[in-house]
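A.B. asks: What follows is a single structure, and I will ask about it in a moment.
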Amino acid sequence: MKSHHYKITVQWTGNKGAGTSGYREYERSHTISAENKAVIEGSSDPAFRGDKTRHNPEDLFLSSVSSCHMLWYLHFCSEAGIIVTDYTDTATGIMTETATGSGRFTEVTMNPVVTVTDESMVEKAQQLHTKANEYCFIANSVNFPVKHIPVVLVATLT
């Protein structure tokens, strides 16, 4: 069995001078960085006093599930001779907050719209979403089902 190791740095940048002396006295702003990669500007969700112009952990979690699925899906399409020319997923997630303020994601639904080059590829292209879900590292790491509502289109010749 192979192990893969990852390292990121999260740096809080929201100290307005008084640190965390009060709930409203600090920003939730932070940066997320990894060696040789672009810095991601993060914050909390605006519902938790975050900056709506920055990615929050929930955005990043949902994008991790979606992009992992997409990468496996494209891999399996390539192996199967399915030529994908476009892929867009508008994923949604539901996080349920408890009375204590804690919470967890209870559902993620991916809505990928995939374009292939030929009608003969549509059925297999649909089926490969199931295989991609079985292999997705992130989907395999969560404790709730990841749903898929795929649409496969055939490219039109112009």
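The values are calculated or read from the model by the stated rules, or taken from the named source; none is laboratory data. No experiment lies behind these values; they were computed from the predicted model shown. When we count neighbours, we look across all protein chains shown, and the Cβ atoms used for this are built from the backbone with ideal geometry, even at glycine.
A.B. asks: Pairs under 6 Å by beta carbon, first residue under 30 Å from residue 120 (Cα atoms) and in the same structural domain as residue 66 (by TED's automatic domain parsing) in segment 133-156, partner aromatic (Phe, Trp, Tyr) and not in a loop (DSSP other than H, G, I, E, B), six or more apart or different chains?
C.D. replies: That search, which allows pairs on different chains as well, returns 135/72; 136/72.
A.B. asks: I would also like to ask the following. Output the number of the condition that residue 70 fails; it satisfies all remaining conditions of (1) surrounded by 10 or more Cβ atoms within 10 Å (Cβ to Cβ); (2) among the aliphatic types (A, V, I, L, M); (3) free of Cβ contacts under 8 Å to residues at least 24 places away in the same chain.
C.D. replies: Exception for residue 70: condition (3).
A.B. asks: Give the number of residues within segment 1-32 that are of a type in the set (A, V, I, L, M, F, W, C) and either farther than 22 Å from residue 49 by Cα or part of a loop (DSSP other than H, G, I, E, B) (or both). Walk me through how you get there before you give the answer.
C.D. replies: As a first pass, look at segment 1-32 and keep what is of a type in the set (A, V, I, L, M, F, W, C): 1, 8, 10, 12, 18, 32.
Subsequent filtering for residues that are either farther than 22 Å from residue 49 by Cα or part of a loop (DSSP other than H, G, I, E, B) (or both) retains 1, 8, 18.
Going through segment 1-32 one residue at a time, the tally reaches 3.
A.B. asks: Looking only at segment 35-49, filter to residues that are within 29 Å of residue 148 (Cβ to Cβ) and in contact with a Lys or Arg (Cβ under 6 Å, 6 or more places away or on another chain); which one of those is surrounded by the most Cβ atoms within 10 Å (Cβ to Cβ)?
C.D. replies: Applying the filter and picking the extreme gives 42.
A.B. asks: Another question, if that's okay. Would a scan of segment 78-96 turn up a residue that is surrounded by fewer than 16 Cβ atoms within 10 Å (Cβ to Cβ), farther than 21 Å from residue 131 by Cα, in the same structural domain as residue 133 (by TED's automatic domain parsing) and not aliphatic (A, V, I, L, M)?
C.D. replies: So far as segment 78-96 goes, yes, one or more of its residues are surrounded by fewer than 16 Cβ atoms within 10 Å (Cβ to Cβ), farther than 21 Å from residue 131 by Cα, in the same structural domain as residue 133 (by TED's automatic domain parsing) and not aliphatic (A, V, I, L, M).
A.B. asks: Then there's this: Only residues that are acidic (Asp, Glu), over 25 Å from residue 7 (Cα atoms) and surrounded by 14 or more Cβ atoms within 10 Å (Cβ to Cβ): list them for segment 19-34, please.
C.D. replies: None; the set is empty.
A.B. asks: Just to be sure I understand, how many residues within segment 33-50 are under 24 Å from residue 107 (Cα atoms), in a loop (DSSP other than H, G, I, E, B) and over 18 Å from the mean Cα position of the chain (by Cα)? Full working, then the answer.
C.D. replies: If we filter segment 33-50 for residues that are under 24 Å from residue 107 (Cα atoms), which is where we start, we get 42-50.
Next cut, in a loop (DSSP other than H, G, I, E, B) only: 43-45, 49-50.
Narrowing further to those that are over 18 Å from the mean Cα position of the chain (by Cα): 49-50.
So the count comes out to 2.
A.B. asks: Ok, one more. Restricting attention to segment 132-153, which residues are surrounded by 15 or more Cβ atoms within 10 Å (Cβ to Cβ) and more than 21 Å from residue 4 (Cβ to Cβ)?
C.D. replies: Residues satisfying the conditions are 148, 150, 152.
A.B. asks: Between residues in segment 112-129 that are within 17 Å of residue 90 (Cα to Cα) and residues that are among the aromatic types (Phe, Trp, Tyr) and surrounded by fewer than 20 Cβ atoms within 10 Å (Cβ to Cβ), which pairs lie under 8 Å by C-beta distance while being six or more apart or on different chains?
C.D. replies: So the pair list comes out as 112/87; 113/87; 114/87; 115/87.
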